[in-house]
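Everything below concerns the one structure shown next.
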């Protein structure tokens, strides 16, 4: 039985709960239902420059840096990302600020009216993504920066034709949905490529043939990292160098991974938008993203939150962690508050973390796809592990029991971070 639609006077949580129950499944790849609704909403052809970013890892950091640079230049930027960690509003930003509840609700009303007119159901992700597009159109954004949710070809974001397509990298993730090989996944990501546009492939692996083939078919000019544009850490802890045909720049480092900062710089330089050196510098410095090597001090303990949930993401995390420990030698031990989803490659993630993590505090997540305690324990055989009923309890004990030489690392999933954040909210 389909739920009744909320009213415009209902709160955001009521609307989000509604979108969670309209469609039969949470994930339903395909654009057949989405396109008619998007057409009814008039969002299919934005009067804006559109950057679409797909990839296995690094999408959030890349889109954040892109939007930050463009905001500094003075463009009216709409940024769409997913998932969120702390608040749903994180997914939709205007001029770098999260949109307010009422703006989202008003967009949800329009999306619901359009889907009913079309006599179609929408998944949570489809409905909320279309709402973001409605907001960007209403606010007359000059630039749309869009992060693909899952894959590319059949993701709702792909109803919009990009002017610049970015594929950050290809890894084995979401294999149930995207395929069980790099080439199959690359084919799905390459679905964002359009005729005659610049396409960036930022992965440090060999270029997948599926991306090359799609670019050739579309007559799209392909730019590959460390081949068509280059970046290198300057080694001074403060700057890095970017070079491409006719361009050499010295730029500041930020809290985000250099691989992703450089991808964003390459993308803005390949667009025909006017970008100053000052906007590049300020945008890079200001770019921050919750849950990507996010550092906090809580109860005089240093905590690092990282949402890396596959091998590639954890390799990023460990690279940044090694740099952090090099400059903060007071920390000699790492304690992990850890959990993951059952359909992720838990074994690979744990094997990467084992040499660095001294002590594990684990618990099952309170979400449908959570890995059970037995699955987590199986991957952590031979390690020092303490199990708990909830991540909140695990984090509470970690905070109480760590010494000054111990660093707390909260990782494994966005849901792990969200659980800790909820605990911290309750403590305030």
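Just so you know, all these numbers are worked out from the coordinates, no wet-lab data involved. Just so it is clear, the model here is predicted, and its values are computed rather than measured. With ideal geometry, Cβ positions are generated from the backbone for all residues, glycine too; neighbour counts draw on all protein chains shown.
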Exercise for review: Rank the residues 352, 358 as a footprinting-exposure proxy: fewest other Cβ atoms within 10 Å of their Cβ go first.
Suggested key: 358, 352
Practice item. Provide 189, 285 in ascending order of the number of other Cβ atoms located within 10 Å of each residue's Cβ, fewest first. Key: 285, 189
Practice item. Taking the convex hull of the Cα atoms, report for the range 168-287 its projected area averaged over all directions, in nm². Key: 8.2 nm²
Study note, to complete from the structure: the chain, Gaussian network, Cα under 10 Å: of 382, 20, 283, the residue fluctuating most is 382
Exercise for review: Fewest Cβ neighbours within 10 Å first, please rank 118, 141, 411, 427 accordingly.
Suggested key: 427, 118, 141, 411
Review point. For the range 42-73 and the range 381-399, what is the separation of their Cα centres, given in Å?
Key: 37 Å
**Study point:** Residue of 237, 151, 308 that the Gaussian network model of the chain assigns the largest fluctuation, springs spanning Cα pairs under 10 Å
**Key:** 237
Practice item. Can you bin the range 106-231 into rounded, prolate or oblate? Criterion: square roots of the alpha carbon gyration tensor eigenvalues sorted a ≥ b ≥ c, rounded for a/c under 1.5, prolate for a/b above b/c, oblate for the rest. Key: prolate
